[in-house]
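Everything below concerns the one structure shown next.
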Amino acid sequence: MPAPIPRASRPTASLQLPGATAADLAEAYLESLQLLGQKHRLMLDLVKDELERLRWSDLTPVQAMILHNLGEAEVSAGELRSRGMYQGSNVSYNLKKLVAMGYIHHERNDIDRRAVRVRLTAEGQAVRTMVRALFLRHVHGLAMSGVLEDPPLEQVNLQTRRIERFWTEQIRYIY
């Protein structure tokens, strides 16, 4: 649970919604921020455990997620960076390592030699399949437990996308 917000920095009453005070909304928002970070770290721990269980010792969880998020596409490094959450990682470094380990094929653009396109090799596809299988097992277990029904996961995802859009607009507003 996040620390309480000092009275002086609490939002004004204009943020109030029926049944919720501004302080309630602020606490819920701060808690959701904390939960997002915790869930991301936990997801990486789950991927790490699966890599260890399958004795895939040369990959980090972040590298496995890069392979998973790359999927069937052929993209630039910048596009890949914008697709996934690589908290605290250097995507360029990880791409270089994944190329060296044979999980990703990269090709320089003929016109702009600085631009690089990347795609999975067969070994990279195997990792992607493994991560996807892990997540599908999770979906099955969560569905069996009823966790995904209240509130419906589609509603949770919709709200998360709305928050992401708000944050993106805030970044654009700053610059």
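Throughout, read-outs are computed from the coordinates displayed, never taken from laboratory work. No experiment lies behind these values; they were computed from the predicted model shown. We place every Cβ from the backbone using ideal geometry, glycine too, and count neighbours over all the protein chains shown.
Just the number, please: Stokes-Einstein D of the range 86-133 in µm²/s, Kirkwood Rh from C-alpha pairs, 4 °C, 1.567 mPa s.
The estimated diffusion coefficient comes to 110 µm²/s.
Work out the FRET efficiency for residue 117 and residue 167 from their Cβ-Cβ distance, taking R0 = 35 Å, and round it to the nearest 0.05.
Efficiency for this residue pair is about 0.75.
Stick to Cα atoms and the Kirkwood definition of Rh, then tell me Rg/Rh for the range 21-131.
Checking Rg against Rh, the ratio lands at 1.09.
If contacts are Cα pairs under 8 angstrom and at least 6 residues apart, what is the relative contact order of the range 71-175 in percent?
For the range 71-175, the relative contact order is 22 percent.
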